1. Only one of (1) within 60 Å of the chain's Cα centre (by Cα); (2) under 23 Å from SER1167 (Cα atoms) fails for LEU1012. Which number is that?
2. In the range 399-414, what residues are open to solvent by less than 20 Å² (accessible area, probe 1.4 Å) and of a type in the set (Ser, Thr, Tyr)?
3. Which count do you get for residues in the range 339-359 that are touching a strand residue (DSSP E or B) at 6+ places or on another chain (Cβ under 7 Å) and not in a strand (DSSP E or B)?
4. Is it the case that ARG1023 is out of contact with any strand residue (DSSP E or B) (no Cβ under 9 Å at 6 or more places or on another chain), farther than 20 Å from THR970 by Cα and basic (Lys, Arg)?
5. Answer yes if at least one residue in the range 1014-1026 is charged (D, E, K, R), crowded, with 17+ Cβ neighbours inside 10 Å and within 22 Å of PHE1080 (Cβ to Cβ), and no otherwise.
6. For the range 683-715, how many residues meet the condition of being farther than 16 Å from LEU747 by Cβ and open to solvent by 10 Å² or more (accessible area, probe 1.4 Å)?
7. Could you pull out the residue among ALA847, ALA852 that is more than 20 Å from LEU739 (Cβ to Cβ) and at pLDDT 90 or above?
8. Pick from the range 476-495 the residues that are over 29 Å from the mean Cα position of the chain (by Cα) and either among the acidic types (Asp, Glu) or open to solvent by less than 10 Å² (accessible area, probe 1.4 Å) (or both): which of them is farthest from PRO442 (Cα to Cα)?
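The values are calculated or read from the model by the stated rules, or taken from the named source; none is laboratory data. Computed from a predicted model, the values in this text were never measured in an experiment. Here the Cβ positions follow ideal geometry from the backbone for every residue, glycine too, while neighbour counts run over all protein chains shown. Protein only, heavy atoms only, side chains kept; ligands, DNA and RNA dropped before computing areas. Shrake-Rupley method; radii C 1.70, N 1.55, O 1.52, S 1.80 Å.
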Amino acid sequence: MSVVNMSFQDKKTDSDPRHEEDQSSPATEDNKQVICLGNNEVKSRAVVKYSAAPPPSSYALLQEKTDLKLPPANWLRENAQLGTAGTTVLGSSRKSKPFSSFGMAYDFIDSVGDDVDVVSDSENIKKLLKIPYSKSHVSMAVHRVGSTLLLDELDIQELFMRSSQTGDWTWLKEFYQRLIDQKWQRKKKSKEHWNEKAILSKFLYYSINSDGTAVPVPSDTEQAGEEGCGTAAEGPSWPATFNSSNTESEESAIPKEEQVDTYALGHVSSVPKEQNLPTLFNEGENSQGLRNDFVRNILWTFEDIHMLVGSNMPIFGGGRYPAVSLRLRDNNKPINVLTGIDYWLDNLMCNVPELVMCFHVNGIVQKYEMIKTEDIPNLENSTFSTRVVRDIAQNILSFLKSNCTKEGHTYWLFKASGSDIVKLYDLTTLCEEAAEEKCQNPFTLPVAVLLYKVASNMMLKKSQNRKNYGTIRTLLLNCIKLLDEERHPQIIASAHYMLAELFQLDDASEDERNGESLRGGGSEDSYSDEEEDEEEEDESCSYSTSSEPQNDSKAVAIIKSVGELSVPEKYKSTHQIRPNCAFPVSQDKEEKCRLVLSYVLKGLKAVDSSIKKESDLPAADPSTPIPLKYEERSQNGGRDVEKEIALLLDRVGPCNEELKVPTRSGMLPGTWQHRMKLQLFLKASKAYYVLSDAATNLLKYGRALRYIKLALQCHDAYCSISGGLHPQVLLFHCQCLSLCGDVQLMLAQNASNRAAYLEEYNYQTKDDQEILHCLHRESSCQAFSMATDLASDPEYQLIVSSKCYEAAHDLLTSGVLKDLGQEQLAQVLKRLGNIRNEMGVFYMNQAAAMQAEKQGVRRSVSVAEQELWKKSFSCFEKGMQDFNAISDSVNTALLLCNIGRLMRICAQAHCVMTSDNSRGEFSPEETLYYNKAIDYYQRALKSLGCRESHSAVWDSVNWELSTTYFTLATLLQDYAPLSRKAQEQIEREVTETMMKSLRYCDLQTESARQPLYQYRAATIHHRLASMYHSCYRNQVGDESVRKQHKALAEQHYSKAVRLFISLSDAPCELLRTLLERVAFAEFTMAGQNSSAVKLKTLTGALEIMCETRHAFKLIHKELLEQQEKILTPEDSDKPEELHEASDSSSSSELNTEEVMKLTGVFEPSFSFLLLQLVKLSTASKRKLSGKEEEQVKIYKNVYSRLLRAEKSVPLIQRVSLFMELLDQLKPQTASDEARSSS
């Protein structure tokens, strides 16, 4: 046998700070004690987490023949060395308090739940491990918290004595007498028992008394003292029932206001974080047994079992080791196995390497003997196997963990005296079955409080990760299940708030889990009562074994024989600790928020139930919905909203201000109710915000407005009971205002669905109604009513949206948030710019609609139109300022583009109408506004810089700029201001403007607009060609100018034809251009004198005419498609729809009236060309060649067929004829074929 690295470590403190961490490293080898017996090895490690005792001092070695019956001078005086041991041995606090494990658990809350398997008094641990060796009874209460078991002595005798006096626990007494012992009675302990206790007490006081002087005490006094000890032992040590009555429970179990500090994870109120950890019982609660009053708290690891134990065993210095335990033995009574196990376990738990034994005979000291701890299992008459003790420990732990599965339940582990059967009962279930006497379990409140504290501690851990949320949720739900809301509203409200806080509504990423070593797990050893107690119990306790039934249906589990506990791994803990503790993670945001709101509502109800003053509360029926009203607003609605939201800024103040007067419900500022309501209101507001955001994403804008209204009502209630607003609360409020603005904007943009939105808006769940009633206890909740009403006027909705954004902007730029909300400020500025753009577009569209109503009617610009222009322009300018503030060049360009459009609308409004309601000359005002529009479009392009910055916006602005130039040039050309300008000047301006428009026609980039650019470019060339054609015809005088005009006309006609041919959807434009070009050739021929020249010109004109075949081919194709649509069988039985379809197709695809007109021009022009060609060819004096004769024959044939053609045939047949005739001319016009094929 050997001792390896044994040392004692004791932490001493002058005060009683139970939460202090052990300053020594628990991982050092010095903290380990390994006992080796033969081939068996038992590993034990003890770390003292807290000690109230001073450093061990040497014990006084008493002289032989010292009479321990005489009291020493210091007897029964308080002594730090002995702690409570001096009185303990006398019996005044001999019994382990029924809640001693809870006191330890409260102090070392970090260890409870996962790190430690068992929390208990060392006496209870020893009693369990001695079960197979002892015939004495065992009665213990077992509670599970996570994977930790709390063990406490359940003194049935004392409990039933109390039951006889108070009537409590009568159901358990009847159950016990019926199933276990029909003849129960309590026996008093003998006088000899108390004499032995008195001798032990005097021995300990002698051992710390340096002079060892005995003080004579009169026998009657000593007798009185001993009798007094007996009386103390007989007195009730069980705490007062926690639920005897309302007043009793409130005053005895929990101090006034319930000293539960509100759980405040992530507090944004003024509550200091030091107050976050709950403290449930004040220092005066020692009589309740809820204080950790052990001298020493030890984290003891026995093999693989981790235990937090409390011990009161006195430890002395001296000998070869710095610590020894001191024992007194009657020399006439040999040490038995029970005594040996008792001494051995005490030394292991306290890490004491040596035992000093003092032997006496009838109180007279005989001798001392020193024994090493590892030698104790081999003492004579006391031999036991340490491996068997280890197996017993493992089996008992496995048995309890496998069967004590329900958190919050009180289990009773019971073994009758002299019996080999150990039974486990669920007292909570038995209590519930006794319907007439509910809630008589005094463990209920301490268990609930412990569950709450463990959950609170897990929530507050910095390294906490969401994997443990299921555990926390289970702890809190079990805590709530145990408590009565009327008696413990604060714990219930706090638990519900924590349940709500488990759901991270912002979807924050999980923190990485960091493994933690054992923290702050403390233990205090209770000083070992001598084994004589057990021996005496075996002799004197009247627990009956004869009538004990072997099959007990009420027991949860039974150990049929204590001998089974000695079999290695007889009981294995295979039970999953929490089979249903997985945290419910839902991907559905609405479901998650609904859970949060249900917990918030329960928390609010608990708080409201605790507020006594209800005279000022508004009378409200929770079953009656509170209407979410919507109203029609006047023109002053915007200003009303502005005033309303501006009041919010008055609430902004230092967050440490406190209200001085009670709130509307009578709640006093600074109380737990006040702090809890602040947190619950804020949580509800966040949940409704997330619901509103989710509804917005689903396009359910009526629902979104209802939710954001509720969010702002929660915030209003928060403001009404808060002395000042914390910056984080203000930041969140800015988010609410921004979302409210978003929803109102979307409602304005989707006014057609208002009926559906109204139905969504007016729907309310029962929880929403009840939460509203809770809010109305503190506030009217009308501060943001106008901002969250569902109005029918889109303008009002846009104004409300704008004011919401402005209020958020004002908050973010105020002094409180100036440095905190920069990221959010950028988003709000973007929203502000957007809403101002929307309002500008709204007013601009109104002005355009007003203008359209007066189309074709002679009128001047009205004041209403001008007001709309001013409003629109002002909104656009403000929007640009917002976008410039965040350097958003793309959106700035879009707003400049919209201002350009506004300028064009202004220009159109200044159109001059003549007396016959026809269009007058192009006015200077129109020129002014079109030039302004051009300026804004150019600024937009400049803001973008290059196409790569944002190609879509660049292309849009580019198109609008080209369109504006084109419109300006077209109006200048079609309605020339000849009364103010010369023809030449107008022509020059038209040319310049058309060329500028052409410059912005992007013909190269492939995009959706490329065909539009091609069409516009072709139209520009056509218009310029027509203008030069007209100039050529009308020009008189300067021949060089005429030649120039002729060349330009030819050039532009050629480009226009080439572009129109590349398009497949402009046959009429192509045909018109070609016919004009033919007419231009005919006009040129008219001025020529030479027949040969004329013939050449006519031949060229005929080639141009043949190019019309491509246009006729496209026209014929579209006419065929129209005909097929009209004759489709599925539409044949719907003649009315047929007619409408043909009309719509003709208007959208091909303008048949335009084709008729053009064919009316084509036919005579074609006839004229053919006739003139025949005349000139035959009138020539020169004899025609064979080829020329053939040509003339073709001309005559085509001309003849053209003349004989029926004029009344359908258009498609006439087009077919034209194509056929042009085909006959094709061999003679190869150039035409080449062009057509291209």
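1. All conditions are met except number (2).
2. Across the range 399-414, the qualifying residues are THR410, TYR411.
3. Within the range 339-359, residues that are touching a strand residue (DSSP E or B) at 6+ places or on another chain (Cβ under 7 Å) and not in a strand (DSSP E or B) number 9.
4. It is false that ARG1023 is out of contact with any strand residue (DSSP E or B) (no Cβ under 9 Å at 6 or more places or on another chain), farther than 20 Å from THR970 by Cα and basic (Lys, Arg).
5. Scanning the range 1014-1026, I find at least one residue that is charged (D, E, K, R), crowded, with 17+ Cβ neighbours inside 10 Å and within 22 Å of PHE1080 (Cβ to Cβ), so the answer is yes.
6. Final tally of qualifying residues: 6.
7. Step by step, each of ALA847, ALA852 is checked, and only ALA847 is more than 20 Å from LEU739 (Cβ to Cβ) and at pLDDT 90 or above.
8. GLU486
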